[in-house]
Amino acid sequence: MIIVANLKMNLVKSDVDQYIEYLVSSGENLESLWIAPQALQIAQFKKDLKSVPIGLQNAGLTEKGSFTGENSLSTAQSYGVEFVILGHSERREVFGESPDEILKKIQTAQAQSMKVIYCVGENLEDRKNNRSYEAISDQLQILTEVKKKNVYIAYEPLWAIGTGLLPSPEDISNMNEHIHNSIGFWMEGLLYGGSVKPENVHSLKKSKHLGGFLVGGASLDPAKLLKLLKSVG
Ligand code: PEP
């Protein structure tokens, strides 16, 4: 199993220094760890944590051009960035990213042979209306237009992200089954994300077909991150 730390828009330089120092001096095996820091922090993570795959949290639509403020996937690839998180619910909800835009980004990442973590998840209303499976099927639709390689799917129910609320391992197993039945077994791995913590990971990891976790809040604390790594290792 892998643990993908999504650090989102957090940590100043001194925090990153301490974060990396904590991980390195622990002497723990970091083999299962992937980290997606802010783009500004990538060089430091790559220099100081050489064996850990480092990723982007989002990317520009095309490989290059006049798009002030965006991060290009071809530039990222040339700097040794190995993966990109796409379709995160915060990108969809806060920044209004459309399925077409996400599809274009996945295709651009694949053109660069970068790994993609594609996030899907139903909102609370979908869940209350028993529309969870339908909502996920809708979001999976764009994958019919991508190459069947280098894609991980992260099931992240919106109502569980940062809220402390959790689906049961059975809910996650059923959703993983649904994802497999919808698109086949070609994806590299299925991850779960949403309020994962050292205290609940033992129970969550019983979910079927699970290849790891995408972790937001808890990954900001390197002590919690190491506990999570030990639990899945
Ligand atoms: C996320 O936003 O991808 C996430 C899983 O966040 P958290 O772990 O804080 O719920």
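No lab work stands behind these numbers, since they all come straight from the coordinates. Everything numeric in this text was worked out from a predicted model, so none of it was measured. Positions of Cβ are generated from backbone atoms using ideal geometry, with glycine treated the same way; all protein chains shown enter the neighbour counts.
What is the fewest-to-most order of Glu134, Glu90 by other Cβ atoms lying within 10 Å of their Cβ?
Glu134, Glu90
Given H placed on each backbone N at 1.01 Å, which residues far from Ala154 in sequence or on other chains put an amide H within less than 5 Å of it?
Tyr118, Cys119, Val120, Leu191
Hey, what number do you get for the chain at 222 nm if only DSSP H runs of n ≥ 4 count, each worth -39500 (n - 2.57), divided across all residues, to the nearest 500?
Estimated from H runs of four or more residues: -11000 deg cm²/dmol.
Using 0.36 nm times the number of residues separating Glu188 and Glu21, minus their current alpha carbon distance, what extension gain do you get?
57.1 nm
Considering only Ile106, Ile54, Ile20, give the residue with the highest GNM mean-square fluctuation for the chain, with springs between Cα atoms whenever their separation is below 10 Å.
Ile20
Let me know the volume per residue of the alpha-carbon convex hull for region 2-232, in Å³.
Per-residue hull volume (Cα only) is 116 Å³.
I need the calculated FRET efficiency for the pair Glu63 and His209, taking r as the beta carbon distance and R₀ as 25 Å, to the nearest 0.05.
Numbers: r = 33 Å, r/R0 = 1.33.
It comes to 0.15.
List every residue whose amide H lies under 5 Å from the amide H of Asn10, counting only residues 5 or more places away in sequence or on a different chain, with H placed 1.01 Å from N in the peptide plane.
Correct list: Gln38.
I need the phi-derived Karplus couplings for region 110-122: 6.51 cos²θ - 1.76 cosθ + 1.60, θ = phi - 60°, integer Hz, Gly and Pro marked x.
Each residue's phi maps through the Karplus curve to give 5, 5, 9, 6, 8, 6, 10, 9, 9, 8, 10, x, 8 Hz.
What number do you get for region 37-138 when its Cα radius of gyration is normalised by 2.2 N^0.38 Å, N = residues?
1.19
Enumerate the aspartates and glutamates that Lys147 could reach by cross-link, defined here as Cα to Cα under 15 Å, with residues fewer than 8 away along the same chain left out.
Here the aspartates and glutamates satisfying the reach criterion relative to Lys147 are Glu188.
Tell me, Val116, Val94, Val24 in order of fewest to most beta-carbon neighbours within 10 Å? It would help to have the intermediate numbers written out before the result.
On the way: Val116 30, Val94 9, Val24 13.
With the sparsest Cβ surroundings first, the list reads Val94, Val24, Val116.
Using θ = phi - 60° and the Karplus relation 6.51 cos²θ - 1.76 cosθ + 1.60, list the HN-Hα couplings for region 209-217 in order, rounded to whole Hz, with x at every Gly or Pro.
In residue order, the calculated couplings are 6, 8, x, x, 9, 9, 10, x, x Hz.
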